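See below for the structure under consideration.
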């Protein structure tokens, strides 16, 4: 490479663009090639966003430190760093275009998708301005070189750049915490499962149903018995929808038959006689298919394909995929999911359909068909039912053989403002006013061992433990939060945030949500005695991530994936609204195929995980207490932009400007 060529703007941009693409691909390569059960790798991944800008700045300093103008030196270095930020901002904006773009955007995702536009503006735009305008304004480097100043500046620049980050990582890697000697007993398997059993036996816990009042009172009673002096109950009123009867009768005027069906919760009620219309099949629920089928006034049959995302695919998007014995390697199973009906219902309404029937593909045989989802609590005008594969195919065959009529019944009662749910929470004072919140929900589609009797058991066990811990050993103030509106879209969580903006939420360090401690039952296969693979969606702060990764490994929480909150999955938990509002979360959940079915019984609770998982959370909370709260709140990428722009780039420019240019340069 000739010196003249290396001076070219085009050459510099191409070089640093290629390097930035390579740096973008490294986290993806780590996931493919390295053991993602490694805590050191998790820590490096959590801090990764800070590495490429610093490395690119050093490389640009080496290449361009003898420019004739200090402004040109600064401009070239800033542009080199700005290419990285600009490329990641572009990838983050285009993640829906192709999975490869999503994978190349991993550095941005792991840093919370913040700071990249800021970095682009500061380094790329500012660098171009310095690069172009500096020499023309006579901003020349020092005429009298100063070797001492050069040496000091270079040492400060390289020292801060190379050693500073390593030191910061070391200082913020939080060590494990031990239970205090003579302190309270950590929650045991029998204790946690006992609370879960009590709640399970109270019955079906849909919001507005009687069992939710019993659970509300049970939680309040337990917290007070633990010694909580500050327990609050906050009501939330909503529109209550309750089903009476539902059915689909095909060819009601001829040789009628009825497939086994289940209803879409909160979809449009019909009269007890239902609606009768032609039944049409549109296949995949797209705008084009709905328009082509001319569905106005008809009952629409649509496909709802299962989702099948493997462990090996999911681990690409994680800080850590902890499974040292590789029990989940190659794991996957179809996940029949009815959530697309939210979009399908909108299409059906827009095209004037009289009713909607979704084929819930690959739904397992578990007895009576009882799939209760989606559950956002929004009442939609078009009545909807599900069928399973076998009946769905029979319906398709009949429609394709000739005109088919059907009667759809979804007799349901809607009471505007007729439902009440309750948020229950208790507070324990600590040494700091800042709050660690431990959170689950107590409502459920059925009695539901996993969704979420087990979560209630876990949070009650931890509440008992921390209530017995002396206040001077509770580093943070603690809130134990039990939501009652998960099955209507967790709406009371938003109301809670709005009501407590100036107290609880303003002091929140993290919301630790615990849901779905499930075994690996995957019908028709029997459980193998393992835990269902689980995801923990965590706020993209590297200190918090390294603390949780360390706790997971220390306590052997195998089959655990630590996701940033900005993955393709979002935060599909009761903490989702807190995450969307920008609050830090650590939210544990798994997604077994039977989650919304009445087959979710107490048998499905991964009982042997209850005590180890409780110990893991005590360790994690203890680690957070050993760190200053500002270190748990900062965004790594924003700070990387600030430190690079305010400290490293000026030091690098000062260093280079104090060294003489060689003749002919």
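Here are some notes:
- Which listed residue, of 62, 22, 100, is surrounded by fewer than 22 Cβ atoms within 10 Å (Cβ to Cβ), out of contact with any helix residue (DSSP H, G or I) (no Cβ under 8 Å at 6 or more places or on another chain) and modelled with pLDDT of 95 or more: 22
- Given (1) more than 30 Å from residue 386 (Cα to Cα); (2) out of contact with any strand residue (DSSP E or B) (no Cβ under 9 Å at 6 or more places or on another chain); (3) buried (at least 24 other Cβ atoms within 10 Å of the Cβ), index of the condition residue 566 fails: (3)
- You will find that of 321, 277, 245, the residue that is closer than 30 Å to residue 480 by Cβ and outside any helix (DSSP H, G or I) is 321 and no other.
- Any chance residue 275 is surrounded by 22 or more Cβ atoms within 10 Å (Cβ to Cβ) and in contact (Cβ under 8 Å) with a residue 12 or more places away in the chain: no
- Any hit, the stretch 250-263, residues being within 27 Å of the chain's Cα centre (by Cα), within 30 Å of residue 443 (Cα to Cα) and at pLDDT 95 or above: no
- The sole residue among 47, 84 that is surrounded by fewer than 24 Cβ atoms within 10 Å (Cβ to Cβ), within 29 Å of the chain's Cα centre (by Cα) and in a helix (DSSP H, G or I) is 47.
- The residues of the stretch 225-239 that are touching a residue at least 40 places away in the same chain (Cβ under 8 Å) and either more than 29 Å from the chain's Cα centre (by Cα) or farther than 30 Å from residue 413 by Cα (or both), listed by number, are 226, 227, 228, 230, 231, 232.
Listed here are the residues, each with its yes/no results for (1) in contact with a helix residue (DSSP H, G or I) (Cβ under 8 Å, 6 or more places away or on another chain); (2) modelled with pLDDT under 95; (3) part of a loop (DSSP other than H, G, I, E, B).
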position: 506; (1), (2), (3): no, no, no
position: 511; (1), (2), (3): yes, no, no
position: 528; (1), (2), (3): no, yes, yes
position: 540; (1), (2), (3): yes, no, yes
position: 545; (1), (2), (3): yes, no, no
position: 553; (1), (2), (3): yes, no, no
position: 557; (1), (2), (3): yes, no, yes
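- Of the candidates 159, 119, the single residue that is modelled with pLDDT of 70 or more, buried (at least 16 other Cβ atoms within 10 Å of the Cβ), assigned to a helix (DSSP H, G or I) and assigned by TED's automatic domain parsing to the domain that holds residue 28 is 119.
- Scanning the stretch 362-421 for residues that are in a loop (DSSP other than H, G, I, E, B) and under 33 Å from the mean Cα position of the chain (by Cα) yields a count of 23.
The values are calculated or read from the model by the stated rules, or taken from the named source; none is laboratory data. Quantities reported herein were computed from a predicted structural model and do not represent experimental measurements. Counting neighbours? That spans all protein chains shown, and the Cβs are built from the backbone with ideal geometry, glycine included.
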